Amino acid sequence: MAIHKLIMDDFDSADYILIAIHSSLEDYRLAYFVNRELDIRLERCIKDLGVKQKNDLAFFSRYTFEDPYQDTAWNLIRNKESITAAHTNTASLFAGQEYNVSTSVFLLPELKTADYVLKIDNAEQQDATIVQSLLMVKHIATAYKVDHYKLKSKNNLIF
């Protein structure tokens, strides 16, 4: 009887490109300029991407486009969200007073300086041409490819 052996390394490859984008634009305006420059149709997702970090649950805005002709999926996701929580002061002179604490939560904590992340699944285009096209948008300060194999929080990109 023949022995069949499966090597798990064959299934471990991730076929997506990850690009970090630095821009001060709002997410809907950035999606508009990316659509115009790359000739795609990013649309706001009905459900935001929810990620739990520590004790907080953060929701990141997400724009998607699925190209059936090239079998690619584009996802533009905000990398930074602020969470405001009310706390009651109990150990000081002003005990019983409520105050708001705002904390920043990141989708990819390794990329704290990046404002947005563009994930392209099954990309046939060269990543250098996509980055060059993104740099043509005057509202984007910089864009660069990220090596997703070195990220510790790449599980946040599974959706």
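Quick notes on this one:
- Set Ser104, Ser133: member being within 29 Å of Lys54 (Cα to Cα) and small (Gly, Ala, Ser): Ser104
- Residues (of a type in the set (Gly, Ala, Ser), in a strand (DSSP E or B) and surrounded by fewer than 18 Cβ atoms within 10 Å (Cβ to Cβ)) located in region 132-147: Ala141
Residue by residue, here is whether (1) in a strand (DSSP E or B); (2) modelled with pLDDT of 80 or more holds:
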position	(1), (2)
His87	yes, no
Ser102	yes, no
Lys119	yes, yes
Glu124	no, no
Thr129	no, yes
Tyr149	no, yes
Lys152	no, yes
Asn155	no, yes
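- Of all residues in region 46-63, those satisfying the criterion of being among the polar types (S, T, N, Q) and either surrounded by fewer than 17 Cβ atoms within 10 Å (Cβ to Cβ) or more than 25 Å from Arg29 (Cα to Cα) (or both) are Gln53, Asn55.
- Within region 107-131, tally of residues that are loosely packed, with under 12 Cβ neighbours inside 10 Å and under 24 Å from Glu26 (Cβ atoms): 2
- Evaluated against (1) at pLDDT 70 or above; (2) in contact with a helix residue (DSSP H, G or I) (Cβ under 7 Å, 6 or more places away or on another chain); (3) exposed (fewer than 13 other Cβ atoms within 10 Å of the Cβ), Glu37 falls short on exactly one condition, (3).
- Top-ranked residue in region 30-59 [being in a helix (DSSP H, G or I) and within 16 Å of the chain's Cα centre (by Cα); ranked as farthest from Lys138 (Cα to Cα)]: Ala31
- In region 1-29, residue surrounded by the most Cβ atoms within 10 Å (Cβ to Cβ) [restricted to those that are assigned to a loop (DSSP other than H, G, I, E, B) and modelled with pLDDT of 90 or more]: Leu25
The values are calculated or read from the model by the stated rules, or taken from the named source; none is laboratory data. The model shown is predicted, which means the values in this text are computed figures rather than measured ones. Positions of Cβ are backbone-derived with ideal geometry, glycine not excepted, and every protein chain shown enters the neighbour counts.
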